[in-house]
Every structure is written in structure tokens, then in C-alpha cells.
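A short reminder: the numbers here are calculations on the coordinates, not readings from a lab. These numbers were taken from a predicted model, which means no experiment stands behind them. Neighbour counts are summed over all protein chains in view; Cβ atoms, including those assigned to glycine, are modelled from backbone coordinates with ideal geometry.
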Amino acid sequence: MLLIPCPYCGERPELEFRYAGEAHVARPADPMKTTDEEWAEYLYFRSNPKGIHIERWRHISGCARFFNCVRDTVSDKILKTYKAGEPRVDLKQFEKGAN
Amino acid sequence: MVELKVTRRSAFEGLHAIGVSGKVSATPSALATRFSFRGDHEAAQRASKAFGVTLPLALLKAETNGTRTAISLGPDEWLLIAEDGAAQLLADEIEKALGTHFHSLVDISHRNTGFDVSGAEAATFLATGNPLDLHISAFPVGMATRTIFSKAEIVLWRKSADTFHVEIWRSFLPFMWGLLEEAAHEL
Ligand SMILES: [Zn+2]
């Protein structure tokens, strides 16, 4: 079983978690001013990389907090987790030593 | 005029007793008052005085004093357990202590039910459905957390080396109880 390091609770079994999509997708501050294309971009378009991805997870059956997670979508290896609200991590640090 | 007659039924009604002599037994807890309390650390400190037990600020901890227990489930969330019938009194006291300080206090007395699992094989018994490491070194006395048992969400609190308290939504109880009955056959 995958152990996911919750930034609050420490390493916990994956069964306690729910996936919650790509992280750092900011809602437009004023939706009335966006074009249809910009709104569609925000709603539907995600980066979906083969490789390192920053995504949101929720420790639903634990502390119930949302947090961010850097995961390699090829190996399923979790490289880092950090609290929601903290700045987006620089992916360069993972690309060198990732595989 | 409609006459309402409401009686409270134990969630354990109709369930078989679970016990394996010398190894493990599951014992329903007495009816209790329960609250879900949310707020910041300041709110928790104020509620502690009214509740009579310190709400732990560190995560995954239980503090207990007689009939009252406070468990930190998340950084701003606590489960409060108290003696049956204390809901109104406690709500009033906590509201008074908090004043206008931002918080939420929800009575979940009838949503949850609880039982103790005790005996030399208690950890092994619970491990049949719970994926956490329940060894005393990884899950020490006084530790408590929300987790799962098979597909049901529970709160697990280690009261002593060989006694755990389980809190579970009452509608999930027959599901968990059935699994524990099966597990008892295999101990
Ligand atoms: Zn957590």
C-alpha cells in the first residue's frame, strides 16, 4: 500500500486519502471579465503531464485537510507534500534526481 | 393533535456480543454526549476551561478526565465526548466561554456511537480492518485519530496498551460489527 506523507499527520495509508485534481489552479478574480475561452481554460483544461505533477489531495479520513503533493505520474512516486496555501514548489529540484 | 413519543434506541440493539476468551472483547460504551468543535487555538483554549479537559493543540492526541474526553482530529477540529444528558449544559458553557470568538459547535451525540476493544490481541484484532500501524511504538497510549475500518470511517483512540476506543457513525456500526465478528473467528 502506498504511504502518503500528510503535512499534518505524517505518513498514512493511501486508503485514508482522496485525490482532488491539479494544484495551483487559480479561479479568475473577476469571472465577469473573462472571455469564454479563459473561463473554459480555467474550468476544463489541465496540464496532465507524463512525469512530475503538482496535485491536490485530501486526507479525508484523517485530519480532513487539503494539501499539495508532487507526484511522478509515471512511477507513482510521491516526491514532496506541502500545506495548501504554501507557494508552488520549483519543479527543477525534482527533475534532476527524480528517476 | 399528534402525540410524539420518541425513544432513544442503542445502536447495539440486536447485535451479538463479541469476545474471544483471553484474547479480545468488544464492549459497547455508555450513551454519551458528543460535539464536533471547530475553531483556532484561541477558541480551543477558551473551550478547554468550559469543558473541563484541555483540548489538545497537538494533532492526533486525546486528553481525558473522568467522563470527558477531547480528541484533536485536525488542526482546527476536535471531537468532544461527555456524559449522556450534558449537551445543553455544555453547549451553554462553551458558548459563554467563546462569546463572539469565531468557532462552530455541533451536537453529534446521536450520530456517533462508541465501543471499547480490549485484550491482549486488541491491536491485531483491529488491524484486520485498519491499515495503520497499531504497534504500541507507532500508535502509543493517548494517541487518537480519524481513520478507517474497511470502508467505514472511525475515530480510534488508544486508552491503554491493550484497550482501544472506537467511535463510529451509528449507521456504519452493523457493518463494522459484522466484520469484527468474522475477525473474532480467526483469532
Ligand atoms: Zn492528515
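Numerical summary
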| item | result |
| --- | --- |
| From phi via Karplus (6.51, -1.76, 1.60), per-residue ³J(HN,Hα) for segment A:55-66 in Hz, x at Gly/Pro | 9, 9, 10, 10, 7, 4, 9, x, 7, 6, 7, 7 |
| Listed residues B:58, B:72, B:47: farthest to the positive end of the dipole of segment B:38-78 (Cβ charges) | B:47 |
| Dipole of the protein assembly as shown [Lys/Arg +1, Asp/Glu -1 at C-beta], most positive-end residue of B:150, B:139, B:30 | B:139 |
| Kirkwood Rh in Å, taken over chain B so that all alpha-carbon pairs contribute | 17.3 |
| Exceeding the 26 Å Cα-Cα cut-off - candidates A:33/A:83; A:50/A:83; A:77/B:61 | A:33/A:83; A:77/B:61 |
| Highest average packing first - B:101-112, B:170-181, Cβ atoms within 10 Å | B:170-181, B:101-112 |
| Dipole moment magnitude, nearest 20 debye, the protein assembly as shown about Cα centre, only Lys, Arg, Asp, Glu C-beta charged | 260 |
| Cβ neighbours within 10 Å from other chains - mean over A:6-17 | 4 |
| Residues of type aspartates and glutamates that residue A:92 reaches as a straight line, Cα spacing below 19 Å, ignoring anything fewer than 8 places off in the same chain | A:22, A:55, A:72, A:76 |
| Normalised convex hull volume, chain A, alpha-carbon set, Å³ per residue | 120 |
| Cut-off under 5 Å, modelled amide H: who pairs with residue B:130 long-range | B:150 |
| J(HN,Hα) series, segment B:66-72, from Karplus relation 6.51 cos²θ - 1.76 cosθ + 1.60, nearest Hz, glycine and proline x | x, 8, 10, 9, 10, 10, 8 |
| Charge dipole magnitude, Cβ of K and R +1, D and E -1 - segment B:19-155, Cα centre, debye nearest 20 | 160 |
| Under Karplus coefficients 6.51, -1.76 and 1.60, residue-wise ³J(HN,Hα) of segment A:10-26 in Hz, glycine/proline x | x, 5, 9, x, 4, 4, 7, 10, 10, 6, 9, x, 5, 8, 6, 9, 8 |
| Built amide H within the under 5 Å cut-off of residue A:74, gap 5+ | A:51 |
| Ranked by how many other beta carbons lie within 10 Å on average, peptides B:59-72, A:21-34 from highest | B:59-72, A:21-34 |
| Normalised convex hull volume, the protein assembly as shown, alpha-carbon set, Å³ per residue | 208 |
| For segment B:62-127, convex hull volume per residue from C-alpha positions, Å³ | 128 |
| Shielding by other protein chains, B:144-153, mean Cβ within 10 Å | 4 |
| Charge-dipole axis of the protein assembly as shown as Lys and Arg at +1 and Asp and Glu at -1 on Cβ define it, positive-most pick from B:97, B:129, B:2 | B:97 |
